[in-house]
Amino acid sequence: MVADLVFYIFSAITVAAAIGVIASRNQVHSVLFLILAFFNVAGLFVLLEAEFLAAILVIVYMGAVAVLFLFVVMMLNVDFEELRKGAVEHLPMGLFIGALILVEFGFILSGIHVEGHAHQAANISNTQLIGQVLFTKFLLPFEVASLILLVALIGAVVLTYRRRKDVKRQDISAQIARRREDAVELVKVASGQGAKP
Amino acid sequence: MPEILKELLGTVHGFGEGLFGPMLWILVWTVIKIVILLAPVLFMVTYITLAERKIIGFMQVRYGPNRVGFWGILQPLADAAKLIFKELLLPEKADRMIFFLAPALTLVPALIAWAVIPFSPGLVLADINIGILYILAISSMGVYGIIMAGWASNTRFSFLGGLRSAAQMVSYEVSMGFTLIPVVLLSGSLNLTEVVNAQKGMWFVIPLLPMFVIYFISVVAETNRSPFDLPEAEAELVAGFITEYSAMSSGLFFMGEYANMILVSFMGSILFLGGWLPPIGFLDFIPGIIWLGLKASLLLFVFLWIRATFPRYRYDQLMRLGWKVFLPISLLWIFVTALGVLLFGKA
């Protein structure tokens, strides 16, 4: 009964926050609502006893992805009112995607899913279970996914990397490699003549 | 002693169930446990401010606070009273809601993370299987308070402070997370109690000394402490994201910072310094909670010591240290540890 109550609290906040994401005029508020939604979904995962997924959701989405969202939204100050003007034109596409997701939900609810997904064993934590399944049954998809991520990572670096020549840059190894002999010269100065270079 | 305690607990449970009914009593009992856990934490937060001023005073050959009460012992209470009764100011163009939400969002993660800290065998509020992940998740939420404060104040200084802090915390979270992986590899569990139990033969600080050093420096950066206190670098940003905050709303930021500091000290003791285990076997007549407290105090002292010793980092140096020094070393050490576990087995 308590679990039911907690479920309804979490899902009500999730839905409200999701509406807030698309309804609020201020884009920073939108991102903050999105974060609230993430957090409540993590709470729902905990209720499903999928605490590993909940923790990962919070670490990855709240700790990294949403921080970058917030960063970009704050820095760029995009005029979202301008973007909003074309909303009606994109309505068919949006409806199509929404319908697609709805159909997928239908599949899940009607019990058609991939064979061999984790079933709760007696005394084994679901972290271990996910690890076992990921590294045995789904090893190939897992490795392919990690490879794609690696390619994306390198791609991002390649696309944004540029080394400007006209700025001062600290070269730590050059600084450390510098010896006293390179920098300081001791000269004996004869009185009345000054130091000669 | 434990027999009497058990009897006492039984009486309390019986009384509570009679008063509230079994359903509600579980809730009330949890609240009582939370209060018992958080009261000492808040006490420590209050008094570490005095310790900091006294210790830094000692290092700089001055007295530190010594007027309120004997030896300045009531100074934190005087400070708290001052903060509570000062006027709360709100900048005209600030985002009201987020402006006041931000300090709370800094303090709350620093407090709820304590739920999984085991103080001695069995003495833990929530003995969950993913304790380490829980701590990582909660500490990754701490950054929002600071970004929101920086943005909602609607000032240049605050905004720059908030952005700096976001970049800094995200960067150092990566290296901090990576230092925890060897610990998990060696103990074979994400449960903090089992991590401590795995250190019975040898504290993890011995095989993982470089990881411990990186962990400590990373958490100094995570908690925005000197020499990594760039978000509030007073020389360039006035007070960074706290510039516009006054009275208790800035007090909450300070409490969050100190609570985080104490938390990461306890975490460091649990993960690397053997938690409640005594350094030598025959000393185990001293309760584990005292050992844990001593170890955490040692780390806290180092926090203050660093603050009195080192000048502030430059921003590009900070980023270089995080990404180009700590990240490769900790990645390498993960492989070394994994190889060691493969060859010699777990701890």
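Report every pair of residues separated by at least 6 positions or lying on different chains whose Cβ atoms are under 9 Å apart, first residue within segment B:205-220 and free of Cβ contacts under 8 Å to residues at least 40 places away in the same chain and in the same structural domain as residue B:262 (by TED's automatic domain parsing), second assigned to a helix (DSSP H, G or I) and among the aromatic types (Phe, Trp, Tyr).
B:209/B:272
Can you find even one residue in segment B:324-346 that is within 14 Å of another protein chain (Cβ to nearest Cβ), of a type outside the set (Lys, Arg) and within 30 Å of residue B:55 (Cβ to Cβ)?
The answer is yes, given that some residue of segment B:324-346 is within 14 Å of another protein chain (Cβ to nearest Cβ), of a type outside the set (Lys, Arg) and within 30 Å of residue B:55 (Cβ to Cβ).
Scan segment B:224-231 and give yes if some residue there is part of a helix (DSSP H, G or I) and more than 22 Å from residue B:41 (Cβ to Cβ), otherwise no.
yes
Just a yes or no: is a residue in segment B:293-311 assigned by TED's automatic domain parsing to the domain that holds residue B:177, closer than 27 Å to residue B:167 by Cβ and not in a helix (DSSP H, G or I)?
Scanning segment B:293-311 turns up at least one residue that is assigned by TED's automatic domain parsing to the domain that holds residue B:177, closer than 27 Å to residue B:167 by Cβ and not in a helix (DSSP H, G or I).
Would segment B:267-278 turn up any residue that is closer than 30 Å to residue B:88 by Cα and either in the same structural domain as residue B:193 (by TED's automatic domain parsing) or β-branched (Val, Ile, Thr) (or both)?
No.
For segment B:174-187, indicate whether the set of residues that are closer than 18 Å to residue B:211 by Cα, free of Cβ contacts under 8 Å to residues at least 60 places away in the same chain and over 19 Å from the mean Cα position of the chain (by Cα) is non-empty.
So far as segment B:174-187 goes, yes, one or more of its residues are closer than 18 Å to residue B:211 by Cα, free of Cβ contacts under 8 Å to residues at least 60 places away in the same chain and over 19 Å from the mean Cα position of the chain (by Cα).
Could you run through segment B:122-143 and say how many residues are more than 7 Å from chain A (Cβ to nearest Cβ) and crowded, with 23+ Cβ neighbours inside 10 Å?
6
Condition check ((1) without any contact (Cβ under 8 Å) to a residue 12 or more places away in the chain; (2) outside the structural domain of residue B:155 (by TED's automatic domain parsing); (3) assigned to a loop (DSSP other than H, G, I, E, B); (4) surrounded by 13 or more Cβ atoms within 10 Å (Cβ to Cβ)) across all residues:
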position: B:4; (1), (2), (3), (4): yes, yes, no, no
position: B:11; (1), (2), (3), (4): yes, yes, no, no
position: B:45; (1), (2), (3), (4): no, yes, no, yes
position: B:55; (1), (2), (3), (4): no, yes, no, yes
position: B:65; (1), (2), (3), (4): no, yes, yes, yes
position: B:80; (1), (2), (3), (4): no, yes, no, yes
position: B:91; (1), (2), (3), (4): no, no, yes, yes
position: B:102; (1), (2), (3), (4): no, no, no, yes
position: B:105; (1), (2), (3), (4): no, no, no, yes
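Return the residues of segment A:59-73 that are touching a residue at least 40 places away in the same chain (Cβ under 8 Å) and more than 7 Å from every other protein chain (Cβ to nearest Cβ); say none if nothing qualifies.
A:73
Which pairs turn up if I take residues in segment A:142-154 that are assigned by TED's automatic domain parsing to the domain that holds residue A:131 and look for partners that are assigned to a helix (DSSP H, G or I) with beta carbon separation below 6 Å, at least 6 apart in sequence or on another chain?
That search, which allows pairs on different chains as well, returns A:142/A:134.
What's the total number of residues in segment A:1-22 that are over 13 Å from residue A:41 (Cβ atoms) and surrounded by fewer than 12 Cβ atoms within 10 Å (Cβ to Cβ)?
7
Hey, could you check segment B:13-40 for residues that are of a type in the set (A, V, I, L, M, F, W, C) and in contact (Cβ under 8 Å) with a residue 40 or more places away in the chain and say which is nearest to residue B:123 (Cα to Cα)?
By that ranking, first place goes to B:37.
Can you name the number of the only condition in (1) surrounded by 19 or more Cβ atoms within 10 Å (Cβ to Cβ); (2) more than 8 Å from chain B (Cβ to nearest Cβ) that residue A:56 fails?
In the conditions (1) surrounded by 19 or more Cβ atoms within 10 Å (Cβ to Cβ); (2) more than 8 Å from chain B (Cβ to nearest Cβ), residue A:56 misses (2) alone.
State all residues of segment B:154-207 that are outside any helix (DSSP H, G or I) and either more than 14 Å from chain A (Cβ to nearest Cβ) or touching a Gly at 6+ places or on another chain (Cβ under 7 Å) (or both); if no residue qualifies, say none.
Selection gives B:190, B:191, B:198, B:199, B:200, B:201, B:202, B:203, B:204, B:205, B:206, B:207.
Read through the list (1) under 15 Å from residue B:303 (Cα atoms); (2) buried (at least 19 other Cβ atoms within 10 Å of the Cβ); (3) more than 15 Å from the chain's Cα centre (by Cα); (4) of a type outside the set (A, V, I, L, M), then give the number of the only condition that residue B:268 fails.
(3)
With the requirement that a residue be part of a helix (DSSP H, G or I) and either more than 17 Å from the chain's Cα centre (by Cα) or surrounded by fewer than 19 Cβ atoms within 10 Å (Cβ to Cβ) (or both), what does segment A:41-51 give you?
Residues satisfying the conditions are A:43, A:44, A:45, A:46, A:47, A:51.
Got a sec? Which of B:26, B:98 is within 14 Å of chain A (Cβ to nearest Cβ), surrounded by 13 or more Cβ atoms within 10 Å (Cβ to Cβ), of a type in the set (Val, Ile, Thr) and closer than 30 Å to residue B:147 by Cα?
Exactly one of B:26, B:98 is within 14 Å of chain A (Cβ to nearest Cβ), surrounded by 13 or more Cβ atoms within 10 Å (Cβ to Cβ), of a type in the set (Val, Ile, Thr) and closer than 30 Å to residue B:147 by Cα, namely B:98.
The values are calculated or read from the model by the stated rules, or taken from the named source; none is laboratory data. Not measured: the values here are computed from a predicted model. Neighbour counts run over all protein chains shown; Cβ positions are idealised from the backbone, glycine included.
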